[in-house]
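S.K.: Sharing a structure below in structure tokens format, with a few things to ask.
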Amino acid sequence: MTESHFTDTSNVSLTTTAADHPSAFACAFNSGDPQAVELLYEESSTFVSSPGTPHSGQDRIAANTSFQALGLPLAVQLRHVYETNDIALLIVDWTISGTTPEGELINIRGTATDVARRGDDGFWRYLIDNPFGTARAHDTHHNHG
């Protein structure tokens, strides 16, 4: 039996504090709604789905959706936040772990090195979402088994 970990999209909101942005992203991710996730990105931003594989635009949405399609919750823990003016570097430990509805055991984790910017509206959004941080293309972070 699989327990749903997704929340209602109405709980998703942007944040005016850079340190809260990873938690806002996790809430959007865990809503199960790809459009909720997309709200946390600037239009021209990049998502790096695996080391050396950047995505932007519709490709970014599709890459994020593939992680959401696992049907497992994202957990985040902010390690560091460094801000200068309207730019922030966020270092975030994260996991997507559990058993999919199809019975596949998933354990994906990393330490993100993300860049966010505070927009003219005062809300933070990703410029670069790099979930695997300094990992090289050959490093393994996925455990399917």
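S.K.: Could you say which residue among ALA75, ALA24, ALA19 is modelled with pLDDT of 95 or more, within 11 Å of the chain's Cα centre (by Cα) and open to solvent by 20 Å² or more (accessible area, probe 1.4 Å)?
M.R.: Going through ALA75, ALA24, ALA19 in turn, the sole match is ALA75.
S.K.: May I pose another question? With the requirement that a residue be within 20 Å of LEU89 (Cβ to Cβ) and either under 13 Å from the mean Cα position of the chain (by Cα) or not polar (S, T, N, Q) (or both), what does the stretch 30-48 give you?
M.R.: LEU40, TYR41, GLU42, SER45, THR46, PHE47, VAL48
S.K.: Also, quick follow-up: Tell me the residue from ALA63, ALA88 that is small (Gly, Ala, Ser) and either out of contact with any His (no Cβ under 7 Å at 6 or more places or on another chain) or open to solvent by 40 Å² or more (accessible area, probe 1.4 Å) (or both), please.
M.R.: None of the others qualify; the one that does is ALA88.
S.K.: While we're on this one: Evaluate the stretch 78-87: report whether one residue or more is at pLDDT 95 or above and among the aromatic types (Phe, Trp, Tyr).
M.R.: The answer is yes, given that some residue of the stretch 78-87 is at pLDDT 95 or above and among the aromatic types (Phe, Trp, Tyr).
S.K.: Considering (1) closer than 19 Å to VAL37 by Cα; (2) touching a Pro at 6+ places or on another chain (Cβ under 6 Å), say which one ARG60 fails and leave the rest.
M.R.: (2)
S.K.: Kindly establish whether ASN30 is within 16 Å of TYR126 (Cβ to Cβ) and in contact with a Ser or Thr (Cβ under 9 Å, 6 or more places away or on another chain).
M.R.: For ASN30, the condition - within 16 Å of TYR126 (Cβ to Cβ) and in contact with a Ser or Thr (Cβ under 9 Å, 6 or more places away or on another chain) - is not met.
S.K.: When you scan the stretch 113-132, how many residues do you find that are in contact (Cβ under 8 Å) with a residue 40 or more places away in the chain and either under 12 Å from the mean Cα position of the chain (by Cα) or open to solvent by less than 50 Å² (accessible area, probe 1.4 Å) (or both)?
M.R.: The qualifying residues number 13.
S.K.: Would you check if ASP93 is over 14 Å from the mean Cα position of the chain (by Cα), under 22 Å from LEU14 (Cα atoms) and open to solvent by 20 Å² or more (accessible area, probe 1.4 Å)?
M.R.: When the stated conditions are applied, ASP93 does not pass them.
S.K.: Can you tell me which residues in the stretch 11-32 are out of contact with any helix residue (DSSP H, G or I) (no Cβ under 7 Å at 6 or more places or on another chain) and among the aromatic types (Phe, Trp, Tyr)?
M.R.: Within the stretch 11-32, PHE25 is the sole residue that qualifies.
S.K.: State the number of residues belonging to the stretch 33-45 that are crowded, with 18+ Cβ neighbours inside 10 Å and more than 18 Å from ARG118 (Cβ to Cβ).
M.R.: 3
The values are calculated or read from the model by the stated rules, or taken from the named source; none is laboratory data. The shown structure was predicted, so the numbers you read here are calculated from the model rather than taken from an experiment. Reconstructed Cβ throughout: ideal geometry from the backbone, glycine too, with neighbour counts over all protein chains shown. These area figures cover heavy atoms from the full protein model, side chains too; ligands, DNA and RNA do not enter into them. Shrake-Rupley method; radii C 1.70, N 1.55, O 1.52, S 1.80 Å.
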